[in-house]
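What follows is a set of notes on a single structure, which appears directly below.
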Amino acid sequence: MKKICTTLWLQYFVVIIVAKRIPTTLDGPFKPLTHRFDPLLHKGSDDLPMDHPRLKRNVTSFFPEQIALALSTSSSSMWISWITGEAQIGLNVTPQDPKTVASEVWDGKESGKYTMKQNGVSVVYSQLYPFEGLWNYTSGIIHHVKIDGLEPETKYYYKCGDSSLAAMSDELEFETFPLPAPNKYPRRIAVVGDLGLTSNTTTTIDHLIMNDPSMILMVGDLTYANQYLTTGGKGASCYSCQFPDAPIRETFQPRWDGWGRFMEPLISRVPMMVIEGNHEIEPQAAGLTFQSYSTRFSVPSKESGSNSNLYYSFDAGGIHFIMLGAYVDYNQTSAQYSWLQHDLEKVDRGVTPWLVAAWHSPWYNSYSSHYQEFECMRQEMEEILYTYCVDIVFSGHVHAYERMNRVYNYTLDPCGPVYITVGDGGNIEKVDADHADDPGKCPSPGDNIPEFGGVCHMNFSSGPAKGKFCWARQPEWSAYRESSFGHGILEMVNSTHALWTWHRNQDIYRENSRGDQIYIVRQPQSCSVQRIAG
């Protein structure tokens, strides 16, 4: 008996030791670590063709497809979106009348028993190119319904469509989130960016589904529809290289429809919160931008006091999320900045202890690609995020993974946010493998010009890189970087500890694999909010 007890005690001791091997941010700042690109892997892959089974339209008439969920600002509400009818593409297109199909959602707490019926709105959009030989596009009818009266932490069953046309979807289900509280959190949050529609994308999403998220944070660059000519065909990993004579940066809108079908099995059951990236700009000749992004997705912009769906906020249990727009005015005199300040002022850290921000283009980035590209945005907005003690920042844009030590104004700071880049979803533009500190890889100040905003490239004024544009080694604020496709999972343990895990695509079938893992620890007693005067 004594031997058995000793053995059990030793096993328990080993489990404790293993558990303690996961580092925390309190152990940092960490010595910078780089995992170089594995030459046995491919840097990219071809896009899936439009006739791929996961991209094909599999409904007829006005039956719903591309069904998607999104959170509102309240746990008692949920947005449900879908598309009916066929999109048109060609030289001449005629928009459908959205009034011809109703927007209904039936929902209830028992399968097959729907106690509520709620209605919404329907819209269409067009992507028009008045140039010879370029095709135009008009969408199917896009429906958005906000369902209210939901109970927190409850499973609901629903159908969507138009009952008068006998065109309702199959039954689907979702689970509502807990009310905002310091001890209530979504079970698991997936974070992914720069996704596209390649075979790498397929691996990323399959891996993400295996990790069973309760919510998805999509940090921009969704479909890469603008890597195609309007006539379709094969996408290009470098549009300007392959199509130098294009009269405008075209975009093949059917890729959006294919992406919606590809994602539907996941996002019809798990809410996805999106923010725009540069590939969502999609300019038309008339100067219109973001038409597809703005029309296809429901986001709680009005509910959060924003006048634009390019930036907004929402709560998910004890987390307050701030989604910022890198491709709309972010200067301190802008509407976005004013909204941000008001939003931060209203956050009650006693109710939502965690404050998480997301936007597409990273401020802290040691890769050659997009190096210091959004330095202007950092100079305008970093101080207010630091002042209000933002805990974590997620971005994409750079097609690789990088996690920073806590940092503020390029200086290691225990109260700075943990910045994480997850732009490695698997798109056609390939993985980024060069670092700005690699010999001969430092960009020139004339490189990496943003598609929106000014250029504020600067040499460092202090530290080991003083007087230089690039560090000569991995910067001290860069804790871990790796050139691999993948996604991340964020799990809130309590009001001060969150477990962050990054998963490589190549590890999808390796049990309990972890590409990078750390406990992010808040220190509210040491890092308190200092209100901005005025």
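The values are calculated or read from the model by the stated rules, or taken from the named source; none is laboratory data. Please read all numbers here as calculations on a predicted model, not as lab measurements. No Cβ is skipped: glycine too gets one built from the backbone with ideal geometry, and neighbour counts run over all protein chains shown. Surface accessibility is based on the protein's heavy atoms, side chains included, excluding ligands, DNA and RNA. Shrake-Rupley method; radii C 1.70, N 1.55, O 1.52, S 1.80 Å.
Take 115-128, 376-389 and order them by the average number of nearby Cβ atoms within 10 Å per residue, most first; the result is 376-389, 115-128. The residues of the range 14-143 have, on average, 56 Å² of accessible surface per residue, using a 1.4 Å probe with all protein chains present. By the helix-only formula, in which each DSSP H run with n ≥ 4 contributes -39500 (n - 2.57) and the sum is divided by residues, the chain has a 222 nm mean residue ellipticity of -4500 deg cm²/dmol.
Dividing the alpha-carbon radius of gyration of the range 277-335 by the rule-of-thumb value 2.2 N^0.38 Å gives 1.23.
Relative to the current alpha-carbon distance between Ser76 and Lys43, full extension at 0.36 nm per residue lengthens the span by 7.5 nm. Database remark: amide H of Gly232 closer than 5 angstrom to no amide H (H placed geometrically; neighbours at sequence offset of 5 or more, or on other chains; Pro and chain starts carry no H). Can you give the net charge of the other residues whose Cβ lies under 11 Å from the Cβ of Gly317, counting K and R as +1 and D and E as -1? Result for the neighbourhood of Gly317: 0.
With a simple spin-label model that places each label point 7 Å from the Cα along the Cα-to-Cβ direction, the separation between Asp348 and Val493 comes to 2.7 nm. The rule of thumb for compact globular proteins, 2.2 N^0.38 Å, goes into the C-alpha radius of gyration of the range 412-501 1.33 times. Expressed in units of 2.2 N^0.38 Å, where N is the residue count, the Cα radius of gyration of the range 116-194 is 1.63.
Counted residue by residue at 0.36 nm each, then reduced by the alpha carbon distance between them, the extension gain from Lys441 to Glu175 reaches 91.0 nm. So between Gln523 and Leu165, what do we pick up on full extension, going 0.36 nm a residue minus the alpha carbon distance? Length difference between fully extended and current span is 123.3 nm.
Using a simple spin-label model with pseudo-atoms 7 Å out from Cα toward Cβ, Asn211 and Asp329 lie 3.8 nm apart. Farthest towards the positive end of the charge dipole of the range 95-170, among the residues Ser126, Ala102, His144, is the Cα of Ala102, using unit charges on the Cβ of Lys, Arg, Asp and Glu.
Applying the criteria of a DSSP loop state and at most 10 other Cβ atoms within 10 Å to the GluC sites (Glu not before Pro) of the range 56-151 yields Glu132. Inter-label distance, Lys155 to Phe131: 5.2 nm, where each label sits 7 Å from its Cα along the C-beta direction.
The calculated FRET efficiency for Thr387 paired with Ala472, based on their beta-carbon distance and R0 = 41 Å, is about 0.80. Counting only protein heavy atoms and a probe of 1.4 Å, the accessible surface of the chain is 52% carbon and sulfur. Entry note, the chain: relative contact order of 18 percent, from Cα contacts under 8 Å with a spacing of 6+ residues. The order of the peptides 170-176, 295-301 by mean Cβ neighbours within 10 Å, most packed first, is 295-301, 170-176. For the range 446-495, the calculated P(r), taken from all Cα-Cα distances in 5 Å bins from zero up to the bin holding the longest distance, is 4, 12, 14, 14, 18, 16, 10, 10, 1, 0 percent. Please give the Cα centre distance for the range 381-395 versus the range 159-222, rounded to the nearest Å. First find each Cα centre; the distance between them is then 26 Å. Annotation: amide H-H contacts under 5 Å for Val191 (H modelled 1.01 Å from N, sequence separation of 5 or more, or interchain): Leu217, Gly488, Ile489, Leu490.
Separation of the range 38-93 and the range 247-279, taken as the distance between their Cα centroids, equals 6 angstrom.
Using θ = phi - 60° in the Karplus curve 6.51 cos²θ - 1.76 cosθ + 1.60, the 3J(HN,Hα) couplings for the range 345-350 round to 4, 8, 5, 9, 5, x Hz; x is entered for Gly and Pro. For Lys159, the lysines whose Cα falls under 21 Å of its own Cα, not counting residues fewer than eight places away in the same chain, are Lys99, Lys109, Lys113, Lys117, Lys146.
For the residue pairs Lys43/Lys441; Lys56/Lys302; Lys31/Lys441, the C-alpha atoms sit more than 25 angstrom apart in Lys56/Lys302. For a straight C-alpha distance cut-off of 12 angstrom, the aspartates and glutamates reachable from Lys234 (same-chain residues fewer than eight places away being disregarded) are Asp46, Asp47.
The Rg/Rh ratio of the chain, with both radii computed over alpha carbons and Rh defined as the Kirkwood radius, is 0.97.
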